[in-house]
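A short worksheet on the structure shown next.
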Amino acid sequence: MNPLTHPTRRSLLLGGLALLAGCDHQPRASFKGVDLSDATYKGEFRLKDAHGRERTIDDYRGRVVLLHFGFTQCPDACPTALARAAQVRQMMGKDGQLLQVLFVTLDPERDTPQMLRDYTAAFDPSFIALSGDAKTTKQTADNFKVFFRKVPTGSSYTMDHSLLSYAFDPNGLLRVGMRHNMPAEDCAHDLRQLLI
Amino acid sequence: MRSSLIALAALLSAAAACAEVSVQDAWVRATVPGQKTSGAFMQLTSTTDATLVGARSPAAGVVEIHEMAMGENMTMKMRAVPGIELPAGKAVALKPGGYHIMQLDLKDTVQAGGKLRLTLLVKDRKGELDAIDVELPVKPLNAKLH
């Protein structure tokens, strides 16, 4: 190995790091969540509501949409995320009327339309539950890069699944991913940004 | 009336026999018709080293101790665990995002404002098993947690 090549390599490396640091400081959108504006996936869906009507993001133009994947037999994460969504809607005051919360089931086998309607209404009557058959559910999850799988427990099964909630702007574009531990205040902040 | 008095007496005697574990802020989440599962949450403090090894409820076919863990890519994993350690004098929280007691095969809808009976099974250092009866208030699905 030629020791003379070392400084060159190091300076190249340092140069690369400086470039990365520079990217960090660029004024990007002021979201507190994960900016998905440039994500490779767009979050398309074509699912049925509790009345059997087919729904796509186009049905909610003019409103911000907060979409969460889950299942009603979930004891912890899903109710926590939906309770936060209800809190966020209240926090947004009058703007809350421009927020549409969607709950997409990852467990269409057990989650009947009636159960889904009762479930989402228990959090906020304005929330809408959407579902599809097993194939459509998998396709929709893939469209959001959402991971899920059944895990047997006791006499039944539970599900592992991704916990990001997704926000669309009033033009129907996927914009922000909201982490499970993100406070309601921060979610409300990001959704307000989408309404400006 | 008579049966509820007997139940109350049973609760009181159970509480007296197992006074070393205190249960605080216990609650369970309501369900909607058709929903067969619900999580119960609480804070447990044992005066001596002990382990919560299980639970049962007349309202549920199966009761398990679960732990929620966040894996890679914000993936939530829920797993049954054999027990939860209760170190002497330390308050151990069973709360959303961590441990919960999972009711499976619920026989009826769990109504907000009602109560759910649960028996906690705690093993002490000598390996002796104690049963602690608790009545959990049922909170609505959209209960704020913080």
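Laboratory data are not the source of any read-out in this text; all were calculated from the coordinates shown. Computed from a prediction, not measured in an experiment: that's the story for all the values here. Neighbour counts are summed over all protein chains in view; Cβ atoms, including those assigned to glycine, are modelled from backbone coordinates with ideal geometry.
Total lysine pairs in segment B:2-139 at Cα distances under 22 Å, for residues eight or more apart or on different chains: 14.
Relative contact order of segment B:2-139: 31 percent, from C-alpha pairs under 8 Å at least 6 residues apart in sequence.
Between the amide H of A:Leu130 and those of A:Phe103, A:Val104, A:Thr105, distances stay under 5 Å, these residues lying 5 or more places away or on another chain, with hydrogens modeled in the peptide plane. Taking all C-alpha pairs of chain A, those more than 21 Å from each other amount to 55 percent. Across A:Gly33, A:Gly43, A:Gly154, mean-square fluctuation computed from a Gaussian network of chain A (C-alpha pairs under 10 Å connected) peaks at A:Gly154. Fewest-first ordering of A:Ser131, B:Ser22 by other beta carbons within 10 Å of each residue's beta carbon gives B:Ser22, A:Ser131.
Using the Cβ of A:Gln90 as centre and a radius below 14 Å, the other residues enclosed give a net charge of +2, where K and R count +1 and D and E count -1.
Note on B:His100, A:His51: ascending count of other Cβ atoms within 10 Å places them as A:His51, B:His100, the fewest first. By how many degrees, between 0 and 90 and to the nearest 10, does the Cα long axis of helix A:113-123 differ from the longest principal axis of chain A? The two axes meet at around 70 degrees. Roughly what angle does helix A:184-195 make with the longest principal axis of chain A, taking Cα atoms, 0 to 90 degrees, to the nearest 10? Between the helix axis and the principal axis of chain A, the angle is about 90 degrees. Over chain A, DSSP H runs of length four or greater, each weighted -39,500 (n - 2.57), average out per residue to a 222 nm ellipticity of -11000 deg cm²/dmol. Sum up the charges of everything whose Cβ sits under 13 Å from the Cβ of B:Thr48, counting Lys and Arg as +1 and Asp and Glu as -1, but leave B:Thr48 out. Surrounding charge for B:Thr48 is -2.
Sorting A:Cys187, A:Cys74 from the fewest to the most surrounding beta carbons within 10 angstrom yields A:Cys74, A:Cys187. Helical content of chain B, expressed as a calculated mean residue ellipticity at 222 nm, amounts to -3500 deg cm²/dmol (DSSP H runs of 4 or more residues, -39,500 (n - 2.57) each, divided by residue number, nearest 500). With θ taken as phi - 60° and the Karplus curve 6.51 cos²θ - 1.76 cosθ + 1.60 applied, the whole-hertz 3J(HN,Hα) list for segment A:35-42 is 6, 10, 4, 9, 5, 6, 9, 10 Hz, x standing for glycine and proline.
The angle between the Cα long axis of helix A:134-143 and the main principal axis of chain A comes to about 30°, on a 0 to 90 degree scale. Here segment A:39-88 and segment A:135-168 have alpha carbon centers that stand 13 Å from each other.
Once the Cβ-Cβ distance of A:Asn181 and B:Leu129 is raised to the sixth power relative to R0 = 41 Å, the FRET efficiency obtained is 0.70.
With N as its number of residues, the protein assembly as shown has a Cα radius of gyration that, divided by 2.2 N^0.38 Å, comes to 1.18.
B:Ala80 label point, 7 Å along Cα→Cβ, cut-off 19 Å on backbone N: hits in segment A:149-191? From segment A:149-191, the list is A:149-161.
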